[in-house]
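A quick write-up on the structure given underneath.
The values are calculated or read from the model by the stated rules, or taken from the named source; none is laboratory data. What you see is a predicted model, and the numbers here were worked out from it, not measured in a lab. A quick note on method: Cβ atoms are made from the backbone with ideal geometry, for glycine too, and the neighbour counts reach across all protein chains shown.
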Amino acid sequence: MEISRRKFFVASAAATAAANARSSNGKRPLIICAANGYRYLDRAFEALHSGADTLDAGLKVVTGPEDDPADDSVGLGGLPNEEGVVELDACCMHGPTRRAGSVGGVRNIKNVSLVAKAVMEHTGHVMLVGEGAERFAVSMGFPRENLLTEHSRKVWTLWRETHSNQDWWGPQVGAPNWTAPESHAERLVKLNEVAANLGIPEDQRADAIHKVLVPPTGTIHCSVVNAAGEISGVTTTSGLAWKIPGRLGDSPIIGAGCYTDADVGSAGATGSGEENIKVAGAHTIVENMRRGMSPQEAGMDTLKRIAHYHKDDQTQLKYVSMIYYILRKDGAYAGVSLWSGGDRKRRFAVHDGEKRYETCAFLFDGNPIEWPPSPNVPW
Ligand code: GLY
């Protein structure tokens, strides 16, 4: 887990070299998104090709996972808060008109990315939260529905019945009174037993236990540029699993989870929302590009700021996960991650006429938490 200073600089130098190579190959139109958007890229690219607006194309990507009950990081089936209630966050920025919309802590409405767009188009506000946002969505014709699937309910029950002091009550990572949690191994026997009793199928148990031990932040971001250089971005999430009700992460925060500037480019984030809010990640990246950095340099600089905020202390940073998706107006792009992901490399997805996964450049080699090994998932 520890990384030497030398390895750190080697990893950074390799990442920067790759970034500069990629950045010089800007091509438009182009869509970049988190890996869980891969299967929706074709329909978005087709729409873009047929003249769709860049934000509408991005929404064709992110509404895929929102509608998919099997994706437990977003929309329907998202992992709930500590009370078992799914609360969703989203924001979007429309470059051509320099408008933005955002919703936070929304219950019972699955397509919060579309609700964020509705806030942008139908109100004089930028951000609505909680019950007001839900009532606004219903008034705009969005149906109320139960977002907690049987799968998510069982994983939440597994967490509730087995969690100890490793929850979101207490100090932030790196605060003076913060201490690293006890070994995960001590909880495994009980977790396996309770998971079996809950009827979680054996082939899904490792994944469920992983989500209890290392609460995921899920999320999907998508940025889109068209042939004319118009650019937009959108981010949507069910947020941090088992969060305290009312917690907002970075995804609904314009400038953290997503930021788009028609003159420069667009960026978005998945990962530890609390960390990203503190560095205003997406905004920092876009401003870095405005000052001349390549997309990858801009992202790596922002990751280094997160590391700096933790004094480059690996005992803290191993609990932080962060990926940035970056698109410059000219079509140059990058995906950068705080951690490489070890054997399971952190990836992002791109479509510029050819749909593909690419591996993120990274700051630290390894995984934030190395046990249990994650099972293979379809993206
Ligand atoms: N990045 C999503 C969240 O922290 O809620």
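All conditions in (1) at pLDDT 95 or above; (2) part of a loop (DSSP other than H, G, I, E, B); (3) over 20 Å from Arg328 (Cα atoms); (4) within 9 Å of the ligand (Cβ to nearest atom) hold for Leu240, with the sole exception of (1). Restricting Glu297, Glu274 to those that are of a type in the set (Asp, Glu) and within 11 Å of the ligand (Cβ to nearest atom) reduces the list to Glu274. Which is buried (at least 24 other Cβ atoms within 10 Å of the Cβ) and not in a loop (DSSP other than H, G, I, E, B), of Val234, Val194? After applying the criteria, what remains is Val234.
Summed over segment 243-259, the residues that are part of a loop (DSSP other than H, G, I, E, B), away from the ligand (no atom under 13 Å from the Cβ) and out of contact with any helix residue (DSSP H, G or I) (no Cβ under 6 Å at 6 or more places or on another chain) give a count of 1. Could you grab me the full set of residues in segment 340-369 that are under 14 Å from the mean Cα position of the chain (by Cα) and in a strand (DSSP E or B)? Those that are under 14 Å from the mean Cα position of the chain (by Cα) and in a strand (DSSP E or B): Arg347, Phe348, Ala349. Picking from residues in segment 1-32 that are outside any helix (DSSP H, G or I) and either of a type in the set (A, V, I, L, M, F, W, C) or in contact with a Gly (Cβ under 7 Å, 6 or more places away or on another chain) (or both), the one that is modelled with the lowest pLDDT is Met1.
Of everything in segment 284-332, what is within 20 Å of Gly273 (Cα to Cα) and part of a loop (DSSP other than H, G, I, E, B)? Give them in sequence order. Once the filter is applied, which keeps residues that are within 20 Å of Gly273 (Cα to Cα) and part of a loop (DSSP other than H, G, I, E, B), segment 284-332 yields His310, Lys311, Asp312, Asp313, Lys318, Tyr319, Val320, Ser321.
Restricting the first member to segment 135-156 and to residues that are under 16 Å from Val85 (Cβ atoms), and the second to residues that are among the aromatic types (Phe, Trp, Tyr), the beta-carbon pairs closer than 9 Å and six or more apart or on different chains are Leu148/Trp156; Trp156/Trp242. For segment 78-110, residues that are in a loop (DSSP other than H, G, I, E, B) and either within 14 Å of Thr217 (Cα to Cα) or of a type outside the set (S, T, N, Q) (or both) total 16. Does Ala35 satisfy the criteria of being modelled with pLDDT under 95 and within 26 Å of Gly273 (Cβ to Cβ)? Considered against the rule, which asks whether it is modelled with pLDDT under 95 and within 26 Å of Gly273 (Cβ to Cβ), Ala35 comes out as no. Restricting Ala262, Ala267 to those that are more than 9 Å from the ligand (Cβ to nearest atom), surrounded by fewer than 24 Cβ atoms within 10 Å (Cβ to Cβ), hydrophobic (A, V, I, L, M, F, W, C) and over 12 Å from Leu303 (Cα atoms) reduces the list to Ala262. Only one of the numbered conditions (1) within 16 Å of the ligand (Cβ to nearest atom); (2) surrounded by fewer than 20 Cβ atoms within 10 Å (Cβ to Cβ); (3) at negative phi is violated by Ala280, and that is (3). The set of residues in segment 88-109 being farther than 21 Å from Ala282 by Cβ and within 16 Å of the ligand (Cβ to nearest atom) consists of Arg107 alone. Being under 14 Å from Leu88 (Cα atoms), at pLDDT 95 or above and in contact with a Pro (Cβ under 7 Å, 6 or more places away or on another chain) is the requirement here; does Leu148 meet it? Taking the combined requirement at face value, the residue satisfies it.
Listed here are the residues, each with its yes/no results for (1) buried (at least 20 other Cβ atoms within 10 Å of the Cβ); (2) within 15 Å of the ligand (Cβ to nearest atom).
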position: Thr302; (1), (2): yes, yes
position: Asp312; (1), (2): no, no
position: Ser321; (1), (2): yes, yes
position: Tyr325; (1), (2): yes, yes
position: Ala334; (1), (2): yes, no
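Going through segment 213-231 one residue at a time, which ones are within 27 Å of Tyr319 (Cα to Cα) and surrounded by fewer than 24 Cβ atoms within 10 Å (Cβ to Cβ)? Hits for segment 213-231 are Leu213, Val214, Pro215, Pro216.
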